[in-house]
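*Asks:* Please find one structure pasted underneath; my questions will follow.
Derivation of every value follows stated rules applied to the coordinates shown; laboratory data play no part. Just so we're clear, the structure is a prediction, and the values are computed from it rather than from any experiment. Glycine gets a Cβ as well: all are built from the backbone with ideal geometry, and neighbour counts include every protein chain shown.
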Amino acid sequence: MTLFGHKLPVTALLGLFIIVLNIAVAVAGPYLAPYGETQVVGGGWDPASAATWFGTDQIGRDMFTRLIYGARMTIGIAFVTTILSFAIGISTGLLAAVTGRWVDTLLSRAVDVVLSIPLLIWALMILNVLGQSLFSLVLTIGCLDSTRVFRLARALGIGLVSLDFVEVARMRGEGLGWVMRREILPNAAAPLMSEFGLRFCFNFLFIAALSFLGLGVPLPYADWGGMVKDNVGGISFGLPAALYPAAAIALLTVGINLVVDWFLSIDARPSGAQAEM
Amino acid sequence: MADDQILRLEKLRVETITGRVLVDDVDVTLKRGEILGLIGESGAGKSTIGLASMAYARAGMRITGGTITLAGTELRASTALYRRNSRGKSIAYIAQSAAASFNPGMTLMDQVCEAPVTHGVMGRAEAEVYARKLFRTLQLPSPDTIGARYPHQVSGGQLQRVMAAMAMSCRPDVIVLDEPTTALDVTTQIEVLALLRDLIAEFGTAGLYITHDLAVVAQIAHRIMVLRHGKLVECGETRQILEAPRTEYCRALVNERREAEHLVLSVPDKVAQPVLRVTGVTAGYGAGATAKGAIAVVKGASFDLARGETLAIVGESGSGKSTMARIVTGLLPRWSGTIELDGKALPPALAQRPKEVLRRLQMVHQMPDTALNPRQSLAEIIGRPVALFFGKSRAEVRVRVLELLKLVGLPEDFADRRPGQLSGGQKQRVCIARALAAEPEVIICDEPTSALDPLVAEEVLKLLKGLQDRLGLAYVFITHDLGTVRRIAHRTAVMLKGEIIAQGPTAEIFAPPFHPYTEKLISSVPEMHTTWLDEVLARRGGTAGLVAGAADRPADPATAAHLAAADPAAVAEAERLAAEQLLAEGRGATALDDLQVEVRNLKGMLEI
C-alpha cells in the first residue's frame, strides 16, 4: 500500500489503522455507545457481562460507553490544543527568526521563562486561577505547549533565513508576511509535520495527567485520563476498571508514534553499511 | 614486486537505489606511489569512484557490480569488519570541505589520533608524536601546539592540511583526495597543492586525485582519467591528455582555459553619466563606524559603472568583494560614503530604498542551490518579481515567465519544474532570469560561475555577455577567477584587505607594469602545463614575502621557507622585510627579479 507516493510499511499501516479506528469511534460515538454518557446501569465496579462488556465504573456507569465518549473528548481536545499551540508557536517562532534583534531576544527570553518551570506546575497554577472549564483548559495547554513549538520553528527559521533565496526576497522588498509564509514555512513543513504528531501525543498525555490530578476535563464528561483517576481505587481490590482507559491511551499513543516514525523515515535514506552492497 | 598494483577497480558499477546508473563499467588501476587524476564535471561520478575504492557508497547509492581489490584483497567479497579495518588504515580519504568534515567539538589532535588508535596502529602517545611530525611536514604554524586547537580556530587552508595529516596518520597505501583544494582560494591552493604533492612523494603513497580543474591535476598526477556521465572518456599520461587529447570532450576541456579569448573591449565613454557611482564607501560588521568592536571590511572604496559596461572586482577570499556587493544592494548599510544610481543618492539601508530602486538593482548569487526556494516552481520564482514590480495579471505574468525562460536559454516546459530537478548551470540561468524579470539596469553578479563546472560556467558567461549586448545591462562582476575577468570585464578593480588597490581597463590591469599584488594573483592561476607549479614555486621562492597579509600572520610559514635548508624563519623574515621595503618604494614587478636574486644569495649563504 502507498500513501502520498510513499510505500507504507506494516508498522505505519498498523499505526494508521489505530488512528483511523480511534477517530471513527470519536466521530460515531453516540451511535456506537449502548448507553448514555452519564447513565448509571449497575452497581459500582460490576464485573464484565454481556450487558456491560468492560463492567461498570466506580458509580455504576457502563465502562464501554464511557470509553467511546472519552475518545471523543480526549482526542478532540488534544487536536484543538495542538492546532492552537502550532498556530502560536510557528507564527512567533518564524517572526523571531526573520526579524531577529530585539524581537527575537524578547520572545526567546519570554519563552525561556516559561520553559524554566515545569509545564505541569504552570498548568496547575493557571488552571487554578482560571477555573476548570474546557475553554480555559484548551487555551492554557495550547499556550504553554506553543513554547516548545516556538523553539523548533525558530531554530528551523534561523537556518533558512540565512539562505540566499530569503535574501533575494528581501532585496525585492517583500514584506515580513511573504517571507514567513512563502519562503520559509514551506521549507520547514516536513519537520513541523512530524513534530505535530509528537506534540499531539504529548498534549493527549498531558490532558490525561491533568484529568488524573483533577484539573482536566470537568465532570461529568468522560475522558480517558479522568477515568483512570476515578477508577484507580479499584486496583487495590484487584478490579481492572482503571486499566481499560489506560490501555486506550497507550494504544493511541503507540499508533500515532508508529505513523510519525514513518514520516521521519521517508527522507532518511540507507547509508553506511546498509548501502554498501 | 610482481603485483605492484595497490588498487584495482574492475567493471565498477554504482547505482542509486532508484536504479539510475552513476558509474558504468569503469576500470581503475593504481600502482604503488602513483597519482591518478580523476577529472570530469559534477555528476561525472568522480567522487563516487573515489568512495567506491574504499568499497563505500554514499547514502542512496549502491555498488552493484565489479570488483574492488585493495592490496590483493577483494573488498566487496570480504567481511564488513575487514572493510572497516582497512578504511583509514590502508586507504584514507580527504574530503573537499575540510570545515564540514571535522567534528567542531573535538580538538584537532584528538581527531588526527583517532584513526591510528582505533585501528591499533599506534598508541595514543606515539600517534601524537607522529601527528606533530606530520603537522611539521605540512608546515602548519606552531606544529607542537596546534593540535590543542579546535577546528574553528584555524583557517580553511590550515584545516585542509590537518585533514591531510589525518589521512596520513595511519600511513595508508592509498589516499583518496576529493577536490582537496577546490574550496580554497587560488593563493592558498598553491601552498596546499605543493604540500600535498611533497607529502605523497615522501611517504610513497598512491593517490587518487579527484578534481574538476584540469590545470590543478596536471601539476600533481602521473596519469589522468577523464570521466563523463559515469563513463570513462579517456585515460592516459598527463602529458598526453594535455598535449594530444584523443577525444572531442577532452579537447574542449583542455581548450576551455587555453584558448579562452581575452576580450578586447572598447571601454565605454567615461564622459557619459555613470549609472552606478560609488564614492568613498566604508562599511563593515558592528553597529557603526564609532561602535565598539566594529570592524571595517570595506574601506573607502570608489568606482563608477557606465551603462552597458562590466566592472570586475577581483581579490582573494576575505578581501571584501562580497561585502562590497552587500553594501551596494543595501543588505549591509554603509557607514560613510555615497552610492548614486543614475545620479540619485541611495539610502544606506535596504528598508529605506524605494521599490523602484530595488527593481533597478538586481543581484545574482554565487550558489544557485541556495538562491532558489526549493519549494517553489520556476514559474513562481521568476513570476514573482514581474507581479510585484509591474502588477501584472496572472496570465500576463505567465507569458512573461515563458519569454524570460527562452531568453536565458531554457525550454518553456521548465516553468512548472522545481529547482531540485535542474542542474547547477540551469539553476544559475533561472537566477539570471529572475534578475531580468525586474528589468534592471544594474546586476550585481557575486561569483556567479565559481560553483559551476568549467564548461557550464563558460556557457553562463556567454549568456551574460549576450544579454548585456542585447539589453544594455551594466554588471558589477565579483570573482576570484582571473580567466573569467579577462573574458567578460571592460574594467577591473583589484581589492586587497577591503581597499581597491588598482583600477582601470582590464587590458591595462593585466599588462605590465603590474601592481605587485595583481601579479601575485595572476601567477596563482593554474596553467595547463605540468611544470607550472614548479615554476611558480621557484618564482615564489623569491617573492613569498608578497603573500598577502604576510605581516598579519607571521606564524604562517612562507612557502619559501620550505626550500630553505638551514633556518627557514630567518629566510622568511628576510624576504618579508625585503618585500615590504619593495612595496613601500612602489618599485613594482620589475624589481621582483632583483629581490629574487637577493633571496637566492641569502639562501645560498645559509646552506653553506
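*Asks:* Over the residues of the range B:375-457, compute the C-alpha Rg and express it relative to 2.2 N^0.38 Å.
*Replies:* 1.07
*Asks:* To the nearest Å, what is the center-to-center distance of the range B:1-30 and the range B:466-482, using C-alpha atoms only?
*Replies:* The range B:1-30 and the range B:466-482 have Cα centres separated by 42 Å.
*Asks:* If you don't mind, another one. Determine, for B:L193, B:L214, the number of other Cβ atoms within 10 Å of each Cβ, and report the residues in order from fewest to most. Mind dumping the intermediate values first?
*Replies:* Values: B:L193 22, B:L214 26.
In increasing order of surrounding Cβ atoms, one gets B:L193, B:L214.
*Asks:* Kirkwood hydrodynamic radius (Cα pairs, Å) of the range B:311-377?
*Replies:* 13.7 Å
*Asks:* Please report the Cα spread of the range A:1-128 along all three principal axes, rounded to whole Å, starting with the longest.
*Replies:* Result, largest extent first: 66, 48, 22 Å.
*Asks:* Please get the size of the charge dipole for chain A, origin at its Cα centre, with Cβ charges of +1 on Lys and Arg and -1 on Asp and Glu, quoted in debye to the nearest 20. Working shown, then result.
*Replies:* Numbers: 16 positive and 17 negative charges, 90 e Å.
Its charge dipole is roughly 440 debye.
*Asks:* What list do you get for B:I94, A:I256, A:I23 if you sort them by fewest beta carbons within 10 Å?
*Replies:* Numbers: B:I94 25, A:I256 22, A:I23 15.
Neighbour counts put them in this order, fewest first: A:I23, A:I256, B:I94.
*Asks:* Could you work out which residue, out of A:P218, A:P240, A:P118, moves most in a Gaussian network model of chain A, that is, has the largest mean-square fluctuation with Cα springs under 10 Å?
*Replies:* Judging by the Gaussian network model, the answer is A:P118.
*Asks:* Spelling out what I want: for every residue of the range B:318-323, take phi, set θ = phi - 60°, compute 6.51 cos²θ - 1.76 cosθ + 1.60 (Karplus), and round to whole Hz; glycine and proline get x.
*Replies:* Computed from phi, the couplings for the range B:318-323 are x, 8, x, 4, 5, 4 Hz.
*Asks:* How compact is the protein assembly as shown by the rule of thumb for globular proteins, expressed as Cα Rg over 2.2 N^0.38 Å?
*Replies:* Normalised by 2.2 N^0.38 Å, the Cα Rg of the protein assembly as shown equals 1.15.
*Asks:* Report, in debye and to the nearest 20, how large the dipole of the protein assembly as shown comes out about its Cα centre when Lys and Arg carry +1 and Asp and Glu carry -1 on their Cβ.
*Replies:* Here the protein assembly as shown has a charge dipole of around 1700 debye.
*Asks:* Same structure again: Projecting each Cα onto the charge dipole of the protein assembly as shown (Lys/Arg +1, Asp/Glu -1 at the beta carbon, about the Cα centre), which of B:L108, B:I241, B:G320 comes out farthest on the positive side?
*Replies:* Of the listed residues, the answer is B:G320.
*Asks:* Starting with the fewest neighbours, write out B:Y150, B:Y517 ranked by other beta-carbon atoms found within 10 Å of each beta-carbon.
*Replies:* Listing B:Y150, B:Y517 from fewest to most nearby Cβ atoms yields B:Y150, B:Y517.
*Asks:* Follow-up question, since we're still on this one. Rank A:G177, A:G157, A:G226 by mean-square fluctuation in a GNM of chain A with C-alpha springs under 10 angstrom and give only the top-ranked residue.
*Replies:* Looking only at A:G177, A:G157, A:G226, the largest GNM fluctuation is found for A:G177.
*Asks:* Using 7 Å Cα-to-Cβ label points, what is the A:L176/A:S162 separation (nm, one decimal)?
*Replies:* 2.3 nm
*Asks:* Additional query: Name the residues whose placed amide hydrogens come within less than 5 Å of the amide hydrogen of B:L22, ignoring near sequence neighbours (fewer than 5 apart) on the same chain.
*Replies:* For B:L22, the qualifying residues are B:V14, B:E15, B:T16.
*Asks:* Same structure again: For the range A:63-185, take N as its residue count and report Rg(C-alpha) divided by 2.2 N^0.38 Å.
*Replies:* 1.31
*Asks:* Just add up the charged neighbours of B:G236: K/R +1, D/E -1, any other residue whose Cβ is under 12 Å from the Cβ of B:G236.
*Replies:* Spelling it out: positives minus negatives among the neighbours equals 0.
*Asks:* Go through B:K11/B:K46; B:K465/B:K497; B:K231/B:K465; B:K46/B:K465; B:K427/B:K497; B:K31/B:K231 and tell me which ones have a Cα-Cα distance over 24 Å in this structure.
*Replies:* Numbers: B:K11/B:K46 15 Å; B:K465/B:K497 29 Å; B:K231/B:K465 33 Å; B:K46/B:K465 31 Å; B:K427/B:K497 32 Å; B:K31/B:K231 21 Å.
Exceeds cut-off: B:K465/B:K497; B:K231/B:K465; B:K46/B:K465; B:K427/B:K497.
*Asks:* Here's something else I'd like to know. Once you've got the GNM for chain A with C-alpha springs shorter than 10 Å, pick whichever of A:L106, A:L198, A:L139 has the biggest mean-square fluctuation.
*Replies:* A:L106
*Asks:* Taking Cα atoms of the range A:2-267, Rg/Rh with Kirkwood Rh, to two decimals?
*Replies:* 1.06
*Asks:* Hey, what do the phi angles of the range B:58-72 turn into as Karplus ³J(HN,Hα) couplings, whole Hz, using 6.51/-1.76/1.60 and θ = phi - 60°, x for Gly and Pro?
*Replies:* 5, 3, x, 10, 9, 7, 10, x, x, 10, 10, 10, 10, 6, x
*Asks:* While we're on this one: I'd like the distance separating the alpha-carbon centroids of the range B:63-87 and the range B:349-401, in whole Å.
*Replies:* 51 Å
*Asks:* Continuing with this model, one more query. What distance in nm lies between label points placed 7 Å from Cα along the C-beta direction at B:K355 and B:L471?
*Replies:* Output for this residue pair reads 2.0 nm.
*Asks:* If you don't mind, there's one more thing I want to ask. Net charge around A:T81, counting only other residues with Cβ within less than 15 Å of its Cβ (Lys, Arg = +1; Asp, Glu = -1)?
*Replies:* Once positives and negatives cancel, what remains is 0.
*Asks:* How much length would be gained if the chain were fully extended between B:E439 and B:R246, taking 0.36 nm per residue of separation minus their Cα-Cα distance, in nm to one decimal?
*Replies:* On the way: separation 193, 0.36 × 193 = 69.48 nm, distance 4.50 nm.
Difference between extended and current length: 65.0 nm.
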